[in-house]
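The structure appears right after this line, and notes come after that.
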Amino acid sequence: MPDLGGGRCPPAFGLPPEYFRPNEGAGRVSALRYGYVTGPGIGVLWAFVIATTVAVVMSFVTGDAYRPALLGCLLLGGLAGLAVIAWRTPAALIALVTLISLALVLMQIVPPIVTGPTVGAGGAAAAGAAFGLCLIVPLLTILKDTALGALTRHEFEEAVIRFLMGFGYIFFTAIVLIPFYVMVMTSLKNQSELMANPLDFSIDLDKGWDLFSSYTELILEFNFGSYLWTSFYVSVLTVLITLLFAVPGAYAVARLRFQGRAAFSRSILLIYMVPMIVLALPIYIAFSVTGLRNTILGIVLIYPVTTIPVALYMLQGYFRGLPSEIEEAGLMDGLNRLQVIWKITLPLSLPAMASVSLYVFMIAWNEFLLAFMLLDDPSKFTLTRGIASLDSSEIPRQHLMAGSVIATVPIMVIFLGLERFMTKGLTAGSVKG
């Protein structure tokens, strides 16, 4: 084994040995790249992230006031980061017991989470226990390669990256779940509860089936069953019409040679990039003149205009990835071009067709501007147009939230159920077959 100069990691990928040997030479190691600085520093940041998360969750679940305390996070996070790396030292047990005891004392004096006057001892204890558990356990992973002494750049960067990954998981989960949670919890309340405390997102399970009274009223009194059915069949028709035009168009761009093919291929997305609000007035005038405004036929005709360009773009990339030799063999066997498309190309393109269909269905299901502009008759409203009609001071807020849940959950279930087909279809055409 050749001498690598005493470094803890061998040179790799052409990097100089100095990259892996921070202890060589005076002044070469940044102060941050010492474990006794990195550990407490990351501990403080992670403590603030966890305190904020626990405070938000407890506030939403209980309806009481919880908020993170900066001083408590600073002291307890620093001690936790130091404790996690101190147990690897020879005096591990003494250091660990001392730091944990000090942390427990500090939690009583300067708690990391401050509670409101309505929070009892049990709620404060639950918040403290959740904070401690969610602080220590992840730090054991984040700082698993961190020692008290000097760190290599690799060790330091690994600790920072693990912290950023943990923060990213919490942050993006929060921005997805919190609006949905607020929407669902609000829909399960009555008007008196919302008036008493609009920020209380807890629910009373003792109400039983009365929790869902807003949904029952939407179906029976606000005609939401009709809105659901209208949105469903309009979306299905949009998918069928889009595929009817997009499949031959995408195949022609991908396989056939004709004048203007390159310009047509490049201009497909340009149509999709035109903001719909720019076309709103011309569409409104044209549909009013032709009598298509306030009709389902008009909606079915205009929706594919917004979806065909993106479907063309997605499908042509997939068709280009299919081996042309298979289609040529079909032509040599006596099939014409349409038979080749129907019997060979389409069966091979099922993943792409599924992903395009799902994407087009979601666009049509969630479309609002055209429906709001063209539909005035409540008996012909789509779901998004029906939800907009609930945005009134005369209609309780929980009905608007219940309508939003009804619009969100079906498309969410469909997407989660067919997500693997969508992912496969979107990536299948990225590599030439």
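Leu15 meets all of the listed conditions (1) at negative phi; (2) at pLDDT 55 or above but one, namely (2). Against the test of being modelled with pLDDT under 90, outside any loop (DSSP other than H, G, I, E, B) and of a type in the set (Val, Ile, Thr), the options Ile344, Ile302 yield a single qualifying residue, Ile344. For the stretch 185-221, the set of residues classified as farther than 17 Å from Ile406 by Cβ, assigned to a helix (DSSP H, G or I) and among the charged types (D, E, K, R) consists of Glu193, Asp206, Lys207, Asp210, listed by residue number.
Could you look through the stretch 378-398, keep only residues that are at pLDDT 85 or above and within 26 Å of the chain's Cα centre (by Cα), and pick out the one that is surrounded by the fewest Cβ atoms within 10 Å (Cβ to Cβ)? My answer is Ala388. Every condition in (1) farther than 17 Å from Ile241 by Cβ; (2) buried (at least 18 other Cβ atoms within 10 Å of the Cβ) is met by Leu312 except one, and the failing one is (1). Residue count for the stretch 116-140 under the criterion of being touching a residue at least 24 places away in the same chain (Cβ under 8 Å), in a helix (DSSP H, G or I) and not small (Gly, Ala, Ser): the result is 7. Condition check for Asp64 on (1) over 22 Å from Phe163 (Cβ atoms); (2) modelled with pLDDT under 80: one failure, at (2).
Could you give every pair whose Cβ atoms fall below 9 Å, whose first residue belongs to the stretch 204-216 and is on the phi > 0 side of the Ramachandran plot, and whose second residue is of a type outside the set (Gly, Ala, Ser) and loosely packed, with under 12 Cβ neighbours inside 10 Å, counting only separations of at least 6 or pairs across chains? Note: no pairs meet the criteria.
Anything in the stretch 172-206 that is surrounded by 14 or more Cβ atoms within 10 Å (Cβ to Cβ) and farther than 23 Å from Val119 by Cβ? List them, or say none. Phe180, Met183, Val184, Ser187, Asn190, listed by residue number. Regarding Val405, is this residue in a helix (DSSP H, G or I), modelled with pLDDT of 85 or more, under 22 Å from the mean Cα position of the chain (by Cα) and under 19 Å from Gly249 (Cβ atoms)? Judged against the criteria, Val405 is not a match.
The values are calculated or read from the model by the stated rules, or taken from the named source; none is laboratory data. Not measured: the values here are computed from a predicted model. Note that we place each Cβ from the backbone using ideal geometry, even for glycine, and neighbour counts take in every protein chain shown.
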